[in-house]
Structure formats: structure tokens, C-alpha cells
1. What FRET efficiency comes out for the pair residue 132/residue 46, r = Cβ-Cβ distance, R0 = 22 Å, nearest 0.05?
2. Which residue, 182, 16, 139, has the most motion in a Gaussian network model of the chain that connects Cα atoms within less than 10 Å?
3. Roughly how large, in nm² to one decimal, is the mean projection of the convex hull of the alpha-carbon atoms in the chain?
4. Using Cβ counts within 10 Å as a stand-in for footprinting exposure, how do 125, 81, 41 rank, fewest first?
5. Starting from the 7 Å offset along Cα-to-Cβ, what nm value, one decimal, do you get for the label separation of residue 145 and residue 30?
6. For region 88-193, how big is Rg over Rh, using alpha carbon atoms and the Kirkwood form of Rh?
7. If R₀ is 30 angstrom, what is the calculated FRET efficiency for the pair residue 123 and residue 184, using the beta carbon separation as r and rounding to 0.05?
8. I need to check one value: relative contact order of region 2-75, counting alpha carbon pairs closer than 8 Å and at least 6 residues apart, in percent.
Ligand code: BEZ
């Protein structure tokens with residue numbers, strides 16, 4: 001199977017971390033693509049009309065996206081410990097934790113686009129600060145919500161680790177660790193895993 005990817009994308013990283021954690025990393029051929037919201041890649045658009053990475057194309061030619069769907073697909077292909085708990089509170093806590101990590105990433109990637117791609121005179125400070133508020137509010141909940149169960153490896157903790165890594169990469173001045181000792185400890189432990197080391201953005 002082929003994965004359309006960019007090494008800086010935290011959503012791609014999430015898929016690759018899950019692939020490493022489930023032993024599937026060697027089954028995936030990486031197809032690099034330079035695409036942005038304002039300069040989409042036309043070949044990628046044939047595989048994914050929304051034009052986003054990550055997009056996975058299976059050996060049978062089936063296109064699968066977005067990162068949530070790709071991760072769940074990959075999790076169906078191996079015989080090891082499931083990254084998506086099968087049922088009950090455990091499943092919905094993991095999915096909600098994933099949604100919070102993805103929400104942090106949506107906001108942080110949006111800020112990156114606004115401050116990096118948009119011409120300076122058109123940037124909207126209030127929009128940026130409201131996106132960053134979503135980030136800090138979500139991190140505060142993740143710091144205190146036991147249901148997130150971040151010491152275990154599952155789709156929720158993978159997504160949160162990738163979100164914290166992305167903040168460290170693109171928002172180093174934010175200092176997300178300040179006042180969040182449990183997330184700090186979780187990230188220090190999680191980021192030593194081979195899956196995280198092998199997928200670090202440049
Ligand atoms: C980034 O460079 O921050 C980035 C690249 C691809 C997707 C999202 C973010």
C-alpha cells in the first residue's frame with residue numbers, strides 16, 4: 001500500500017506512529033507530495049478529492065482517508081494489541097481522546113497556515129488567538145481527565161503525543177509543558193518510543 005505523505009504533517013505522523021506500533025511500517029510505501037491548501041497537488045486530488053494528506057491507497061486501488069480512517073484500517077490488518085479498543089467506555093474514551101488530539105492539531109495547523117502562508121497584512125490576530133485558546137483548553141482537559149488514559153498505547157495517546165510533538169515543532173514559544181506536569185511526563189516517556197523517534201519531523 002502507498003501513503004501520500006509529507007514528513008512535517010502531524011496527521012501523517014499519527015498514521016506512521018500507529019504503523020510502527022502495530023508492526024506494519026514495512027508494508028507502507030511512502031509517496032512524498034508537496035501540497036498546501038492554496039497549492040494542491042493534482043495527482044493527490046485523483047486519490048482524494050479533498051486533496052489532503054495522509055491518503056492511503058491499498059494494493060487493490062482503494063483510497064482511504066483521513067488519518068482517523070487510515071488508522072482504523074491499519075489496525076484491522078494485524079494480530080497484535082488493538083490500538084482502537086473494541087467496545088465500551090474504553091473505546092469511546094480512546095476515540096474522544098483522539099478527537100481532542102485531532103482538534104488540537106486542526107487548530108495548530110490552522111495557525112501555521114495563517115501565520116506562514118497568508119500574507120502578513122491579511123493575517124487575523126483574533127482568529128489566531130481563538131485557535132490557540134482551543135489548544136490550551138484541550139491540553140488543560142487532557143492534563144486532568146483520567147479517561148484519556150495516556151500512559152497506555154492506543155489511538156488516543158498516539159494522537160495526543162503527535163499533537164504535543166507538533167506544538168513543540170511549530171509553536172516552541174508556547175511552552176505547552178508549563179503547568180502541565182502529567183502531559184510533560186507522558187510526552188517524555190512516549191517520545192522515546194521507536195515509533196516516535198523514527199517519525200520525528202525535520
Ligand atoms: C507543517 O509544515 O506544519 C504542515 C505540513 C503538512 C501538513 C500540516 C502541517
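Values quoted throughout were computed directly from the atomic coordinates according to the rules given, and no laboratory measurement underlies them. Because the structure is predicted, anything quoted here is derived from the model rather than measured. We place every Cβ from the backbone using ideal geometry, glycine too, and count neighbours over all the protein chains shown.
1. Here the calculated transfer efficiency is 0.05.
2. Among 182, 16, 139, the largest GNM mean-square fluctuation belongs to 182.
3. Details: hull surface 46.2 nm².
Seen from a random direction, the Cα hull of the chain projects 11.6 nm² on average.
4. Working: 125 9, 81 12, 41 16.
Least to most surrounded, the residues fall as 125, 81, 41.
5. 3.1 nm
6. Working: Rg = 14.2 Å, Rh = 14.2 Å.
The Rg/Rh ratio comes out at 1.00.
7. For R0 = 30 Å, the calculated efficiency reads 0.50.
8. 38 percent.
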